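The block underneath contains the structure these notes are about, expressed in structure tokens.
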Amino acid sequence: MRPGARLGVDVGAVRVGLAMSDPAGVLATPVRTLPRADAEELDGADMLALAEAVTEHEALEVVVGLPRSLSGEEGPAAASVRRYAVALARRIAPVPVRLVDERLTTVDAHRTLHESGRAGRRHREVVDQAAAVLILQSALDAERTAGTAPGEIVALRKPRHRRTPG
């Protein structure tokens with residue numbers, strides 16, 4: 001197991017949930033929920049807050065949940081998260097960003113909150129944090145079991161330059 005704190009991120013259409021591991025990389029705990037900037041804006045206040053959290057906690061890496069369907073296919077939500085992860089990776093380089101499968105984490109987070117007695121209307125306040133905890137804890141457990149870093153590393157691509165006719 002690689003030592004170092006990791007930041008877990010659940011990217012939603014409206015909010016971004018954050019979780020953090022302990023420095024040993026054993027246990028994930030909730031941190032906060034950020035309002036998400038417009039889905040097309042990849043340089044908003046949420047991105048700034050994530051970068052600050054990486055610096056503040058001296059994160060070894062950031063683990064972002066990748067929403068896939070039950071069949072494993074990726075749809076529009078996954079494409080949006082991939083764009084977000086690339087923008088985040090550019091902002092926090094050289095700290096790596098990894099994408100890990102997050103199937104059903106939001107459903108599990110709602111179930112856990114309901115079982116804890118939290119009313120359904122109040123789930124929205126913390127469900128993104130709870131999902132981030134599940135994403136990060138799953139990644140930590142997978143690394144401990146397999147002995148290798150989980151998911152896929154987000155490769156930094158150089159921005160495309162458009163050719164101008166001429």
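Some values worked out for this structure:
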| item | result |
| --- | --- |
| Inter-site label distance for I153 and S69 at 7 Å from Cα along Cβ, in nm | 3.1 nm |
| Whether region 6-153 is rounded, prolate or oblate, judged on the alpha carbon gyration tensor where a/c under 1.5 counts as rounded | rounded |
| For G8, residues with placed amide H under 5 Å, excluding near neighbours | A19, M20, S21, V63 |
| Amide H contacts under 5 Å for G25, placed H, 5+ residues apart | G4 |
| Candidates per GluC sites (Glu not before Pro) in region 21-108, loop by DSSP, up to 11 other Cβ within 10 Å | E40, E58, E73 |
| Efficiency of FRET from Cβ geometry, L48 and A24, R₀ 22 Å, rounded to 0.05 | 0.20 |
| Fewest-first ranking of L7, L70, L27, using other Cβ atoms within 10 Å as the exposure measure | L70, L27, L7 |
| Cα gyration tensor, region 1-76 - rounded (a/c under 1.5), prolate or oblate | oblate |
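Any read-out appearing in this document is the output of simple, stated calculations on the displayed coordinates, not a laboratory observation. Since this is a predicted model, take the numbers as computed values, not measurements. Methodologically, a virtual Cβ is constructed for each residue, glycine included, from the backbone with ideal geometry; neighbour enumeration extends over all protein chains shown.
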